[in-house]
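Take a look at the structure below.
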């Protein structure tokens, strides 16, 4: 009987939702920060939860710096920056997401075997504090929203919402789990459109569309490099100029982060057991050396202090 009442309450309340009051974000790393900025820029209040007051201050500083960089490129005014920051609130207290009718999990875990359990724990904590009608999403790509929602009392409220890297890309993948309600799914789609995103509907599968295709492209580019067919620059230039890509596979890998690429490939290889998802030795070597891409200043390319790519300088660890 209680399950029927819960289902009824969720469906009825979600059916009445016309607008977002506030969005919560749990785990505000580099991706979470950009998502918070995008949501706030769309006029929606954001509250993010992270592990410590020091971390909250670091996140505020990082978002402030991101906005300054946009201002330097004439993409924002000072008054717009102040308005964006005024709508973002950081905390270590989960109680402050209680008024949110949409909460997003965006934590980062690169330790093998821990990602799914950590996210399940975060989902349980979120559900403890939000109302029965709140929707909970996760920015996962190689894990399954049905697995995460199994930890919830109301699994119908869980939806996969995958922002690509960088999150400013104009498309998001929205994934319906085995028990996701139509109301929760439609609500997330409306939210995505509110923040200027093209919604791509994805049937639940590890890697969705974007991750599954891009990691195989990056991995095959590594194979071409290892075989001595062409240099890093020539491979990137061929794919950009020949196929109209914004970034070549090596540039894109550096932007995503090689640690994330490796984690995605490990998850996909474990799921499918296919050789195409077995990470190249080059990727593993770079990750072991903490050469993770733009965020560490070195990946396939080296980067200067302003994180601008120098096409002529290649990371020596590859050779």
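Check whether at least one residue in the range 127-135 is within 15 Å of the chain's Cα centre (by Cα) and in contact (Cβ under 8 Å) with a residue 12 or more places away in the chain, and report yes or no.
no
How about the range 152-175: which of its residues are part of a loop (DSSP other than H, G, I, E, B), surrounded by fewer than 18 Cβ atoms within 10 Å (Cβ to Cβ) and either in contact (Cβ under 8 Å) with a residue 24 or more places away in the chain or touching a strand residue (DSSP E or B) at 6+ places or on another chain (Cβ under 7 Å) (or both)?
Scanning the range 152-175 gives 152, 153, 166, 168, 170.
Spot the failing condition for residue 197; the list is (1) in contact (Cβ under 8 Å) with a residue 60 or more places away in the chain; (2) surrounded by 18 or more Cβ atoms within 10 Å (Cβ to Cβ); (3) out of contact with any helix residue (DSSP H, G or I) (no Cβ under 7 Å at 6 or more places or on another chain), and only one is missed.
Failed condition: (1).
If we keep just the residues of the range 176-194 that are without any contact (Cβ under 8 Å) to a residue 24 or more places away in the chain and touching a strand residue (DSSP E or B) at 6+ places or on another chain (Cβ under 8 Å), which is surrounded by the fewest Cβ atoms within 10 Å (Cβ to Cβ)?
Per the criteria, the residue is 193.
Which of the following residues is in contact with a strand residue (DSSP E or B) (Cβ under 8 Å, 6 or more places away or on another chain), at pLDDT below 95 and either surrounded by fewer than 16 Cβ atoms within 10 Å (Cβ to Cβ) or outside the structural domain of residue 69 (by TED's automatic domain parsing) (or both): 319, 260, 302, 295?
302
For the range 5-26, what are the residues that are modelled with pLDDT of 80 or more and surrounded by 21 or more Cβ atoms within 10 Å (Cβ to Cβ)?
Selection gives 23, 24, 25, 26.
Residues checked against (1) exposed (fewer than 15 other Cβ atoms within 10 Å of the Cβ); (2) part of a helix (DSSP H, G or I); (3) at pLDDT 95 or above:
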| position | (1), (2), (3) |
| --- | --- |
| 208 | no, no, yes |
| 218 | no, yes, yes |
| 229 | yes, no, yes |
| 242 | yes, yes, yes |
| 253 | no, yes, yes |
| 312 | yes, no, no |
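Just to be sure before I move on: is residue 63 under 26 Å from residue 263 (Cβ atoms) and either in contact with a strand residue (DSSP E or B) (Cβ under 8 Å, 6 or more places away or on another chain) or surrounded by 16 or more Cβ atoms within 10 Å (Cβ to Cβ) (or both) in the structure I sent?
The answer is yes for residue 63.
If only one of 228, 273 is out of contact with any helix residue (DSSP H, G or I) (no Cβ under 7 Å at 6 or more places or on another chain), without any contact (Cβ under 8 Å) to a residue 12 or more places away in the chain and closer than 21 Å to residue 208 by Cα, which one is it?
The match here is 273.
Can you name every residue in the range 121-151 that is within 14 Å of residue 197 (Cβ to Cβ) and part of a strand (DSSP E or B)?
Residue satisfying the conditions is 137 alone.
Name the residues in the range 231-240 that are assigned to a helix (DSSP H, G or I) and in contact with a helix residue (DSSP H, G or I) (Cβ under 9 Å, 6 or more places away or on another chain), would you?
Once the filter is applied, which keeps residues that are assigned to a helix (DSSP H, G or I) and in contact with a helix residue (DSSP H, G or I) (Cβ under 9 Å, 6 or more places away or on another chain), the range 231-240 yields 232, 233, 235, 236, 239, 240.
The values are calculated or read from the model by the stated rules, or taken from the named source; none is laboratory data. Everything numeric in this text was worked out from a predicted model, so none of it was measured. Methodologically, a virtual Cβ is constructed for each residue, glycine included, from the backbone with ideal geometry; neighbour enumeration extends over all protein chains shown.
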